[in-house]
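Structure first, commentary second.
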Amino acid sequence: MDGSNATLVERRDVAAHVASLFVRPDEAAAAPYAPGQYATLGLVDGERIIQRPYSMAAPHAADGAWEFHVRRVRGGALTERLWDVSAGGRLRLGAPRGRFTADPADPRPRLFVATGTGIAPFVAMIRDDLAAGRRRQTVVVHGVAHADELGFFGFLDALDADRRSGIRYLPTISRPAEPRNAAWSGATGRAETALADHWADLGLDCGGSVAYLCGNPGMVAAVQATLAARGMAAGDVRTESYWLDRVAAPAA
């Protein structure tokens, strides 16, 4: 036994360095998880396991596969190798962990702010609500450097277009002058800047809402400060910070 306990079913590329990975755990490794939780995903390399935590991007699928939204980091210890794994390749999957979860019984409007692959837990929460027939007033702000990195854009944009969904979606890019973003006509600036610029349009009310922030630690700190200045209680702000996989700090 080499320590692997899951199989890569499929990789769906979003951009050259961003993809959704669908991983099916062996029966012994399968475990229930709540939307918003994460699990370590890794590869066995001789006597060691190279692994990083990633949030699941969906509730449990009927086929048993867990969906992860992953960014390939140049020189990263794990992701460079993950991109070399073909469908059918063996991986190491850890147990679900984390308390960055939404209370289905909490009726308050929600603000979700994410950078990069930090959108994954929010997509899982929204998908779980839709599957259960819950309609929650939710604002989703997602910031990336380039428009092609907006994972789940089609899914969230369609929900925004359907006013019955209760979902407002504000995607924003931080490098509008780059040729790669030439076709982009939406919001620009970092996630925290776009949130402040579009606050009134989004209909946000700090007094009666709960906020979830996930992604770059700088964004998390900036949005926390913005919400505190607007009167949101610290206990109504939940956070999860992501680091690049070459950094020693955990990814979730």
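The values are calculated or read from the model by the stated rules, or taken from the named source; none is laboratory data. Because the structure is a prediction, the values reported are computed rather than measured. Cβ: placed from backbone, ideal geometry, glycine included. Neighbour counts: every protein chain shown.
One table, with the values for the structure above:
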{"item": "Helices (runs of 4 or more DSSP H) wholly inside region 134-250 that include at least 1 residues being under 20 Å from T117 (Cβ atoms) and in contact (Cβ under 8 Å) with a residue 40 or more places away in the chain", "result": "191-197, 217-229"}
{"item": "Any chance G118 is surrounded by 18 or more Cβ atoms within 10 Å (Cβ to Cβ) and either under 25 Å from A15 (Cβ atoms) or modelled with pLDDT under 95 (or both)", "result": "yes"}
{"item": "Within region 42-96, tally of residues that are over 13 Å from R24 (Cα atoms) and of a type in the set (D, E)", "result": "4"}
{"item": "The lone exception for E80 - which of (1) surrounded by 17 or more Cβ atoms within 10 Å (Cβ to Cβ); (2) free of Cβ contacts under 8 Å to residues at least 40 places away in the same chain it fails", "result": "(1)"}
{"item": "Strands (runs of 3 or more DSSP E) (entirely within region 1-119) containing at least 1 residues that are among the acidic types (D, E)", "result": "6-15, 38-45, 66-71"}
{"item": "Breaking point among (1) more than 12 Å from the chain's Cα centre (by Cα); (2) in contact (Cβ under 8 Å) with a residue 60 or more places away in the chain; (3) surrounded by 20 or more Cβ atoms within 10 Å (Cβ to Cβ), for S55", "result": "(1)"}
